[in-house]
Amino acid sequence: MTGAIMYISGGRWDGIPGTDRLLAEALAEASPVLWVDQPVSIARHADVRRSTLASIRGRTEMVQPGLRRLRLPALPGFSRPFIRRSTEAISRCSLRALAGDHNGRIKGVINASPLVVFPREVHAPRVLHVTDDWLGSAPLLGLAPRHVERVLRENLALADTVTAVSPGLAHKIQAFSGRQVNLLPNGCRTPKALQHGKTMPVAALVGQLNERLDARILELLGESGLPLVVLGPRTEKEVATRRALDRFLSRPTIQWRGPVGPDEVSHLLSTARVGLTPYAESEFNVSSFPLKTLEYLSFGLPVVATDLPAARWLGNPYVRITGSPTEFVNGVRDALQIPPAHQQRLRIQSTARSHTWCVRAEQMLALIEGRQTTEPGTSSGPHQVGSR
């Protein structure tokens, strides 16, 4: 099947790379991709303001080979009820123009946005890809829950196929919608060849620092005196979380390097001894599939993680699932005491190869092209796209 994939994302192309961008980049290796940004205010984003007319006309720009980007402009306060209508109208107009420019050469639409409705003008297979608990997280994201629910219901009615990134989220959307939801988990970049070399006796925590992390685990890690390197930006919103992070990051054995480039992330994960996924047990996290867990494995790192459905779904012997903050810290201490041998790191790395973004992209393309059958599901469980 020829043509481009339209990918309506839940974020901006130049935001922190997450599920949408990583999957779209992998899709672009096999098929042209038309990336559509989440609507954002023209008052806050100069690039969107400058390209408003071009966006409404469906004009895109190339951001990498095989992948073109369309910005969606919105008026200031676009989440307010009256202004929201203008945002929806602008989005419809922009997507209609984009579809017209490609004159029936769109072979599929992936919608991963909590705010944008499928374009009705595109007559191609539609996949609603639910990447987060949009209903539960709407207030945290500054979105109106009733509006998010309305958009979700409309997209569920329009979608040919529905996928979700975690078992917990698939269960939730299946119960909400009453229709089959396929499990298409998050992935990781293709593992690079490991270099022989000494590891440092440090643990690694990579990613955004915010309310998703378990404050009690962070507190005990700080008190333990275990050496820990932290990479990533602080994105917390609540005062209590800010204070907890202040205390944690001020500990003498905690090195926080802030947001860094991919080379520094690669260097740390190539030389650390264990990766950490200390997520709190919240409704939002139960529905999530932490990207960091697979990223650690792809570098040959054993992982210590909290007990979430996504961690159990992996069924990976190198992911130590813990049931309490004390058990988590003990798991980190145990991992730091014995440096993993090179052969062990290769074995760990090999377990990530069936979860790369290229594998996920192939599974998504197969769904769109009608050549993918899901593994048998049950009345209580989602169908799994492809095989693990």
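Can you confirm whether the range 80-101 contains a residue that is in contact with a strand residue (DSSP E or B) (Cβ under 6 Å, 6 or more places away or on another chain), of a type in the set (A, V, I, L, M) and closer than 30 Å to residue 232 by Cβ?
So far as the range 80-101 goes, no, none of its residues is in contact with a strand residue (DSSP E or B) (Cβ under 6 Å, 6 or more places away or on another chain), of a type in the set (A, V, I, L, M) and closer than 30 Å to residue 232 by Cβ.
Could you list all residues from the range 288-304 that are touching a Leu at 6+ places or on another chain (Cβ under 8 Å), under 17 Å from residue 329 (Cα atoms) and of a type outside the set (Ser, Thr, Tyr)?
301, 303, 304 - these are the residues of the range 288-304 that are touching a Leu at 6+ places or on another chain (Cβ under 8 Å), under 17 Å from residue 329 (Cα atoms) and of a type outside the set (Ser, Thr, Tyr).
Filter the range 119-133 down to the residues that are buried (at least 19 other Cβ atoms within 10 Å of the Cβ) and acidic (Asp, Glu) and list them by number.
Within the range 119-133, 132, 133 qualify.
Using the structure shown, decide if residue 136 is in a helix (DSSP H, G or I), buried (at least 21 other Cβ atoms within 10 Å of the Cβ) and of a type outside the set (A, V, I, L, M).
no
In the range 157-203, which residues are of a type in the set (A, V, I, L, M), within 20 Å of the chain's Cα centre (by Cα) and in a helix (DSSP H, G or I)?
Scanning the range 157-203 gives 169, 170, 173.
With the condition kept exactly as written, say whether any residue in the range 156-165 is touching a Gly at 6+ places or on another chain (Cβ under 7 Å) and surrounded by fewer than 19 Cβ atoms within 10 Å (Cβ to Cβ).
no
So residue 147 ticks every box in (1) touching a strand residue (DSSP E or B) at 6+ places or on another chain (Cβ under 8 Å); (2) surrounded by 15 or more Cβ atoms within 10 Å (Cβ to Cβ) but one. Which box is left unticked?
Checking residue 147 against (1) touching a strand residue (DSSP E or B) at 6+ places or on another chain (Cβ under 8 Å); (2) surrounded by 15 or more Cβ atoms within 10 Å (Cβ to Cβ), the one that fails is (1).
Laboratory data are not the source of any read-out in this text; all were calculated from the coordinates shown. Small disclaimer: the values here were computed from a predicted structure and weren't measured. As a convention, Cβ positions derive from the backbone with ideal geometry for all residues, glycine included, and neighbour counts pool all protein chains shown.
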